[in-house]
Every structure is written in C-alpha cells, then in structure tokens.
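Scroll down for the structure; my scribbles are underneath it.
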Amino acid sequence: MLYPEHEEQYGALFTSDDPTGFKRRKVIDDAYLHRIQRKHFLLFDVLPLFGTLLAIGLLPLYPIGAAEVGVAVALWILTGFGISVGYHRLFAHATFKTHPWVAAALAIFGAMAGQGALISWVAMHRRHHEFSDREGDMHSPNLSGSGFKGKLRGFVHAHFTWMMAHPYPNVVHYAPDLLRNHTLMFISRHYYAWILLGFALPAALCGIVTLSWSGVLTGFLWGGFVRMFVLEHGIWSLNSICHLTGTRRFKTRDQSRNNAWLAPFTFGEAWHHNHHAFLYSASFGLSWYRIDPGYWLIRLLATLGLASEIKVPDPGQVQARLATSGG
Ligand SMILES: [Zn+2]
Ligand SMILES: [Zn+2]
C-alpha cells in the first residue's frame, strides 16, 4: 500500500490503477531483491569475463579444436535466438504466434543466455519501452549527466552496472499474459537449471567428442563462459550503444538508434531505433537488405508451418511514418 504523498510524488511512474480501484505498485525496491540481483550480476555478468580470460590463458595448455568452436558457436546462435526471437520478439512484444513447443524451446534457450528469468526479463523490457530514456527507464545511458563524462557514466550504467541493483518491475502489472501460461512459468521458475544445462551440454559434448577430461573443461569454458560473455555484450550494446550513437529515421520520444555494423552480432536487434518506432513489428530491419537473422528465423518457422500472424508494417505505413518524421 502506498502513502498518498508517495503516490503524489511519483504518480504514474510507480503506481497504476487496477480494475478493483486499488493502487498497484509498478516496481518493488527492496534490499532482499537487490541482494539477489547482486548475486546474479556477479555470477552471470562478471564471472563470464573471468571465465573467458581463463579460457584464453589456458590455451597453451588446453588448445581448442573443432569441438569447442562448434559448441560455442552453436550455443551462441541458439541462446541468441532465444533472447532475440523468444524473449524479445515473441514474449515481450507478441510480434508473431508460434507452436507451444517452439515457444518453450525459445524460452529455454533464452534462459541459458543467463540474462534473467523470462518473466523478469519481459517485465523489465516492457518498462524500458514505457519510460525509454526518461526517469523510470532502468538502463538508459542518457540520464547520467551531460558532456563526455556524463555520457561515459551513462554508457557504463546502461551496458552493465545497472544490473547490480535496480527496482524490480511488478510482474502482475507488466506481464500478466505470461503469468497465465503454465509451461512458460515452469520454464521461468527453473531458470537456474537451464543455465546449468547451458554449461553441462557443451562440457559433455566436448568430453565425448575428444574422449578426455580436458575436453570437458574446455567445453565448459568455451561453450559456457566464452559463449555467454560474447552474447551478453552484444545484447547489452542495445541498451548502451543503441541509445547513444547511430542513425535515426523516425520521430520517436526516445534516443534509440540503428547500428548496421552491430546487426549481424545481435541477430538483427541493433536495428533498435526501427524497433522503437514499430514495437509490434517482427522485422527490425524493415527491409530485406538489412541484416536481421531474428526475423529470418521467424520467416523460416512460418515456411515450416510453425509461425503465423507475423506482424510487419507495410511499406506504406513506413513511408507515412517517415513523412511525419521529416525523413
Ligand atoms: Zn523491445
Ligand atoms: Zn531501447
């Protein structure tokens, strides 16, 4: 329950009306949650850096071969699609419909990326769109002061330090659709098991292929830590780089930017400004010639009869938006 003066102070930023007339908190800020967030930050945002350094440092002793490269690349692609196509385009924005088994697989691969349980990720992401680059946006790089110093502080905050401790969005408010889906909630609740699987699988595969314990170690390091490290910096760049620098085409109320060079490494997510302009669109590139592997996967799923109701603006809608944006 909120005190009236609290509500007056923060207004729509922190509370919302629900149908029963009660004021509902939109975010929860508490020490227990912050402790969990700090642990998660150290385990899955800081540790992969040291795991990657260890993997590189051990190269003279434990050189890698096709098995390690294979599992690292394969899991990078699978977990990347899990985040881009699953967590983001399917669950956060409902840009297409798919078979429940495909949805479950995408949710599991997304969890293996170590970027948060599905329900939390979706709730935080929807809040990002609600308050993009304004107070309430948990990872805007544009709220840390002006000048070079302010931008640098903003970049570091948006890229990863925001994850150390932050307000937790109320999932009842932000993701009621997911709360009703038992399969997805089961996957979301067992988040840490999927992360472990993301380490156990490459370790086991490399151990079997090389028939050695050193294969288990290199599979664990390269298919686990290095893969996680590379993917997360790509995805974090969307919050940092793609809200700081790049090109804009449409009038949006945020500072989102497109970065063509980053698109191949982020499964097409780096058309981030296009995404902010057309939130409902499954395509972030908006044209066939812009590299958007996430959208290509959705089209492939549709060809296989596994995806339908794919939402994309037609060229006329894009042109109309450009015209009103002065582009
Ligand atoms: Zn989004
Ligand atoms: Zn954004």
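The values are calculated or read from the model by the stated rules, or taken from the named source; none is laboratory data. The model shown is predicted, which means the values in this text are computed figures rather than measured ones. Neighbour counts run over all protein chains shown; Cβ positions are idealised from the backbone, glycine included.
Counting residues that are at pLDDT 95 or above and in contact with a Leu (Cβ under 7 Å, 6 or more places away or on another chain), which helices (runs of 4 or more DSSP H) fully inside segment 204-290 reach at least 2?
Where helices (runs of 4 or more DSSP H) fall fully within segment 204-290 and carry at least 2 residues being at pLDDT 95 or above and in contact with a Leu (Cβ under 7 Å, 6 or more places away or on another chain), they are 227-239, 272-277.
Looking at segment 120-134, can you tell me whether even one residue there is of a type in the set (Val, Ile, Thr), touching a residue at least 40 places away in the same chain (Cβ under 8 Å) and away from ligand 1 (no atom under 13 Å from the Cβ)?
Within segment 120-134, none of the residues are of a type in the set (Val, Ile, Thr), touching a residue at least 40 places away in the same chain (Cβ under 8 Å) and away from ligand 1 (no atom under 13 Å from the Cβ).
With 210, 218, 245 as the choices, which residue is over 16 Å from residue 83 (Cβ atoms), among the hydroxyl-bearing types (Ser, Thr, Tyr) and crowded, with 20+ Cβ neighbours inside 10 Å?
From the options 210, 218, 245, the qualifying one is 218.
Search segment 257-272 for residues being touching a helix residue (DSSP H, G or I) at 6+ places or on another chain (Cβ under 7 Å) and without any contact (Cβ under 8 Å) to a residue 60 or more places away in the chain, and hand back the single one that is nearest to ligand 2 (Cβ to nearest atom).
272
Residues that are farther than 26 Å from residue 255 by Cβ, at least 2 per element: which helices (runs of 4 or more DSSP H) completely within segment 144-185 meet that?
171-174, 176-179
Per-residue answers, yes or no, for (1) loosely packed, with under 15 Cβ neighbours inside 10 Å; (2) of a type in the set (A, V, I, L, M); (3) without any contact (Cβ under 8 Å) to a residue 12 or more places away in the chain; (4) part of a loop (DSSP other than H, G, I, E, B):
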{"residue": "40", "(1), (2), (3), (4)": "no, no, no, no"}
{"residue": "62", "(1), (2), (3), (4)": "no, no, no, yes"}
{"residue": "69", "(1), (2), (3), (4)": "yes, yes, no, no"}
{"residue": "82", "(1), (2), (3), (4)": "no, no, no, no"}
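Would segment 129-136 turn up any residue that is farther than 20 Å from residue 275 by Cβ and within 16 Å of ligand 2 (Cβ to nearest atom)?
Looking through segment 129-136, at least one residue is farther than 20 Å from residue 275 by Cβ and within 16 Å of ligand 2 (Cβ to nearest atom).
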